[in-house]
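Everything on this sheet refers to the single structure shown next.
The values are calculated or read from the model by the stated rules, or taken from the named source; none is laboratory data. Bear in mind that the values here come from a model prediction, so they are computed numbers and not experimental data. Note that each Cβ is placed from the backbone with ideal geometry, even for glycine, and that neighbours are counted across all protein chains shown. These area figures cover heavy atoms from the full protein model, side chains too; ligands, DNA and RNA do not enter into them. Shrake-Rupley method; radii C 1.70, N 1.55, O 1.52, S 1.80 Å.
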Amino acid sequence: MKKKVIFVGWISLMLVLVGFSPEMDSKPGQAVNDVVKVYGPGGPLGPIKEVAEQFTKETGIKVEVTAGPEEKWIDQAKEDADIIYGGSEYMLTDFMLNHPGIINEKSRTELYSRAAGILVRKGNPKNIQSLEDLTKKGVKIVDVNGAGQLGLWEDLAGRKGLIPGISRNIDISVKSSAEAIELWKANSKFDAWITYESWHYRLSDVTDLVQLPEEDKLYRGTPVSITSKSENKKKAKQFIDYLKTEESHQVFQKWGWK
């Protein structure tokens, strides 16, 4: 009997040493403490990453946020995404139309809205103070025709009859904020970028922010959703619920959200 007990104990010890535990998840390749994988555009990265770090400290649940132009992360997201967020409501809808079946539409929820503004060079050398100033001769504007900003300048300008003047001064149009940032940093000829105020907080070293009067402002949302294939739905929902707390809202406000 004693030999049998020793033998069983020896087997148990060996199993522990090779990493087996009866508490381990039975699904192959799945870790005990699953990571919540979050994907989306670069615009909301600042506050979402900060909130993710706070969430991990409070709950012990790790959240991994991958952000940037969609083409850089979409293949991986199709494999392991738990959460997808958008830089605007239409942006997440576009994602759903382009990649049907990835997002669980019933889980879609809105976080917080952010206002459009004008980014200018440090010191504002062209003295741009309003949308009207963007129509002046010699002002060169960067336009992001996508990434949550599709039609943003036109909506702002249209209400004030400024479409022709601003359109004339758009020096270049690009598809993503990442491209706009690269151009902005590489070439000082660009004077202004109509975008979200929140981008200034990411680019405070190379931009000043011209805020529009409240009556001229436009706001767009920040939607988030759990994916259909997520094997981590409970923890993903827990993180989204945390994003909607007042504590998290204050983080978003610090980064330029309403």
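Can you report the principal axis dimensions of segment 169-209 using only the alpha carbons, biggest first, rounded to whole angstrom?
23, 19, 18
Restricting to Cα pairs below 8 Å that are 6+ residues apart, what does the relative contact order work out to for segment 33-82? Please round to a whole percent.
Values: 59 pairs, mean separation 25.7, N = 50.
Relative contact order for segment 33-82 comes out at 51 percent.
Checking the a/c ratio against 1.5 first, then a/b against b/c, what shape does the Cα gyration tensor give for segment 114-215? Walk me through the numbers on the way to the answer.
Numbers: a/c = 1.24, a/b = 1.19, b/c = 1.05.
Rounded.
Between residue 53 and residue 204, what length comes free when the chain is fully extended (0.36 nm per residue of separation minus the Cα-Cα distance, one decimal in nm)?
Difference between extended and current length: 52.1 nm.
Divide the volume of the convex hull of the Cα atoms of the chain by its number of residues and quote the answer in cubic angstrom per residue.
156 Å³
Output the 0 to 90 degree angle, nearest 10, between the alpha-carbon long axis of helix 233-243 and the longest principal axis computed from the alpha carbons of the chain.
Helix 233-243 sits at roughly 40 degrees to that axis.
Roughly how many percent of the accessible protein surface of segment 126-208 is carbon and sulfur, given a 1.4 Å probe and a whole-percent answer? All intermediate terms of the calculation are to be shown ahead of the outcome.
Values: 1800 of 3870 Å².
The nonpolar share, carbon plus sulfur, comes to 46 percent.
Remind me, relative contact order of segment 104-228 in percent, using alpha carbon pairs under 8 angstrom and six or more residues apart?
Details: 202 pairs, mean separation 64.1, N = 125.
Rounded, it is 51 percent for segment 104-228.
Can you list residues from other chains, or at least 5 along the same chain, whose modelled amide H is less than 5 Å from the amide H of residue 197?
Distant-sequence amide H within range of residue 197: 115, 116, 117.
Quick check: residue separation of residue 121 and residue 183 times 0.36 nm, minus the Cα distance between them. What number comes out in nm?
Values: separation 62, 0.36 × 62 = 22.32 nm, distance 1.27 nm.
Gain on extension, residue 121 to residue 183, equals 21.0 nm.
Using only alpha carbon pairs under 8 Å that are at least six residues apart, calculate the relative contact order of the chain and give it in whole percent. If you can, show how the numbers build up before the last one.
Numbers: 405 pairs, mean separation 74.7, N = 258.
For the chain, the relative contact order is 29 percent.
Rounding to the nearest 10 and keeping the result within 0 to 90°, find how far the Cα-based axis of helix 177-186 lies from the longest principal axis of the chain.
The answer is roughly 60 degrees.
Of all DSSP beta bridges located in the chain, what percent are antiparallel, nearest 5? It would help to have the intermediate numbers written out before the result.
Details: 17 of 30 bridges.
Rounded to the nearest five, the antiparallel share is 55 percent.
Compute the length gained on full extension between residue 62 and residue 150: take 0.36 nm times their separation in residues and subtract their Cα-Cα distance, giving the result in nm to one decimal. Intermediate results must be reported in sequence, preceding the final value.
Numbers: separation 88, 0.36 × 88 = 31.68 nm, distance 3.32 nm.
Full extension from residue 62 to residue 150 adds 28.4 nm.
Leaving out same-chain residues fewer than 8 places away, which lysines sit with a Cα under 17 Å from that of residue 233?
The qualifying lysines are 27, 37, 62, 78, 106, 244.
Pick from 117, 42, 146 the residue whose mean-square fluctuation is largest in a GNM of the chain, springs joining Cα atoms under 10 Å.
146
Before rounding to the nearest 500, sum -39500 (n - 2.57) across all DSSP H runs of length at least 4 in the chain and divide by the residue total; then give [θ] at 222 nm in deg cm²/dmol.
Details: 10 runs with 97 residues, N = 258.
Calculated from helices alone, the mean residue ellipticity at 222 nm is -11000 deg cm²/dmol.
Calculated FRET efficiency, residue 72 and residue 94, Cβ-Cβ r, R0 25 Å, to nearest 0.05?
On the way: r = 16 Å, r/R0 = 0.66.
Here the calculated transfer efficiency is 0.95.
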